[in-house]
Amino acid sequence: MKYYCLNPIAEAGLLRLPETYEKAEKIEDADAILVRSAQMLDLEFSEKLQAISRAGAGTNNIPSPRCAEKGIVVFNTPGANANGVKELTILALLLASRDVKGGMNWVDSHKDDEDIAKTMEKAKAEFAGNELKGKTIGVIGLGAIGVLVANVAKHLGMKVIGFDPYLSVTHALLLDPSVHVVKNADEVYESSDYITLHVPETAATKGMINAETLGKMKNHAVLLNLARAGLINEADLADALSAGKIRKYVTDVPDHATMGLPNVIAFPHLGASTEESELNCAVMAADEIVDFLENGNITNSVNYPACSLGPASKPARICVFHKNVPNVISALTSILGSSRTNLSDMVSKSAGDFAYAMFDMDSDIDDAIISAIRGIPDVIRVKVIRK
Ligand code: MLT
């Protein structure tokens, strides 16, 4: 197997790949690509490519639907960098409530002042702020990161409101029981002093912060965005910031329209830039790729369903990517039946327009049978693992 790294990937992750795996010189020679934030939306992919694994949570730099059409599985690493992003969000929250940035700039500009101990006592009133205790924070998106942020905010003495139409049982169980989960984002907009976004950028969330939703927010609310720039209508936010409707915007994903405004604090996408997060993401991204290439198992994919038959140990495991339409499974089992080989285990899963089926066979399968499977309408790709 050959892999290609589109961004530097932590060594600990690359060490998870079997010794037989080689680094490809050219992207078109790769069976799998490891990526962090490199833009892949305009890339064409070779027939050889089987998987792309993103060492991070968001996958809006990868053309996942186009990959699904070609049977290329796109993986991500949900939760692997959640602690790093949570910690930076808490810093953002503190920087929004205390003018530490203004104060530090003042100290820098007075570094030659021999009397600074006295001067600063006069100057500090300019940098006074507010405490977080007792304020309300609305957390939009209660996935791996949002849950951690909500729980820490609770410990800081804040009232926490959470909104997530896709809240999973796992994340609900991790959430501090006193977090008030609401059914409508408007409840968050209307009653929060601070609003923090922890959702992916999708068709449904793109531009979700716009003139209408900003208008629903409390006057002088603070907005934190350590998720994606695309969640924001930049021009509308710039207007709200200039009008003072939004008191402060702290972001890890800066955009052109709001940069330079006095009430904006921006970091250069540092959320997951910690040694620990980079290591966790790289290890998870590599493990997902190896389990897929070696066993056909899919975990944490954004364009194919989770599906596993455990380690491949039978003479042949046949993995079939297909459209999620009627009669594909019956066509598959009928062709496999004609091979007179015993089918010892199978699993079939679907997600949206796509589906994936795995068959463990007690003896090897003829290439003619595999060709017949490839010929079934709506079959996208067939992967055979022989032991
Ligand atoms: C993510 O998608 O996981 C975050 O934006 C962090 C990152 O990619 O560096």
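Scanning the range 254-268 for residues that are within 16 Å of the ligand (Cβ to nearest atom) and touching a strand residue (DSSP E or B) at 6+ places or on another chain (Cβ under 6 Å) turns up Pro254, Ala266.
Filtering the range 244-265 for residues that are within 25 Å of Asn130 (Cβ to Cβ), polar (S, T, N, Q) and assigned to a strand (DSSP E or B) leaves a non-empty set.
Condition first: surrounded by 16 or more Cβ atoms within 10 Å (Cβ to Cβ), hydroxyl-bearing (Ser, Thr, Tyr) and not in a strand (DSSP E or B). Now tell me which residues in the range 334-348 satisfy that. Hits for the range 334-348 are Ser339, Thr341. The residue of the range 23-50 that is farthest from the ligand (Cβ to nearest atom), among those that are surrounded by fewer than 17 Cβ atoms within 10 Å (Cβ to Cβ) and among the acidic types (Asp, Glu), is Glu47. Scanning the range 217-241 for residues that are within 16 Å of the ligand (Cβ to nearest atom), hydrophobic (A, V, I, L, M, F, W, C) and in a loop (DSSP other than H, G, I, E, B) yields Leu226, Ala227. Does any residue of the range 345-354 turn out to be within 16 Å of the ligand (Cβ to nearest atom), among the β-branched types (Val, Ile, Thr) and either touching a strand residue (DSSP E or B) at 6+ places or on another chain (Cβ under 8 Å) or assigned by TED's automatic domain parsing to the domain that holds Ile380 (or both)? No, because not a single residue in the range 345-354 is within 16 Å of the ligand (Cβ to nearest atom), among the β-branched types (Val, Ile, Thr) and either touching a strand residue (DSSP E or B) at 6+ places or on another chain (Cβ under 8 Å) or assigned by TED's automatic domain parsing to the domain that holds Ile380 (or both).
The residue of the range 331-378 that is nearest to Cys67 (Cα to Cα), among those that are among the acidic types (Asp, Glu) and in contact (Cβ under 8 Å) with a residue 24 or more places away in the chain, is Asp353.
For Ala172, the conditions (1) surrounded by fewer than 22 Cβ atoms within 10 Å (Cβ to Cβ); (2) without any contact (Cβ under 8 Å) to a residue 60 or more places away in the chain; (3) under 27 Å from Pro63 (Cα atoms); (4) in contact with a helix residue (DSSP H, G or I) (Cβ under 9 Å, 6 or more places away or on another chain) are fulfilled apart from (3). Between Ser53, Ser97, the distinction of being surrounded by 17 or more Cβ atoms within 10 Å (Cβ to Cβ) and within 16 Å of the ligand (Cβ to nearest atom) belongs to Ser53 only.
When His198, His220, His180 are checked against the criterion of being out of contact with any helix residue (DSSP H, G or I) (no Cβ under 7 Å at 6 or more places or on another chain), within 25 Å of Arg98 (Cα to Cα) and not assigned by TED's automatic domain parsing to the domain that holds Asn76, a single residue qualifies: His220. Is it true that some residue in the range 1-22 is in a helix (DSSP H, G or I) and crowded, with 20+ Cβ neighbours inside 10 Å? So far as the range 1-22 goes, yes, one or more of its residues are in a helix (DSSP H, G or I) and crowded, with 20+ Cβ neighbours inside 10 Å.
All of Ala331, Ala372, Ala312, Ala357 fail the test of being within 35 Å of the chain's Cα centre (by Cα), surrounded by 13 or more Cβ atoms within 10 Å (Cβ to Cβ) and not in a loop (DSSP other than H, G, I, E, B), apart from Ala357.
On the basis of being among the hydrophobic types (A, V, I, L, M, F, W, C), within 16 Å of the ligand (Cβ to nearest atom) and within 30 Å of Phe359 (Cα to Cα), does Ala285 make the cut? Criteria met by Ala285.
Condition (residue is within 17 Å of the chain's Cα centre (by Cα), closer than 19 Å to Lys86 by Cα and in a helix (DSSP H, G or I)) applied to the range 189-204: is it met by at least one residue? The answer is no; no qualifying residue exists.
The values are calculated or read from the model by the stated rules, or taken from the named source; none is laboratory data. Not measured: the values here are computed from a predicted model. Glycine also receives a Cβ, built like all others from the backbone with ideal geometry; neighbour counts cover every protein chain displayed.
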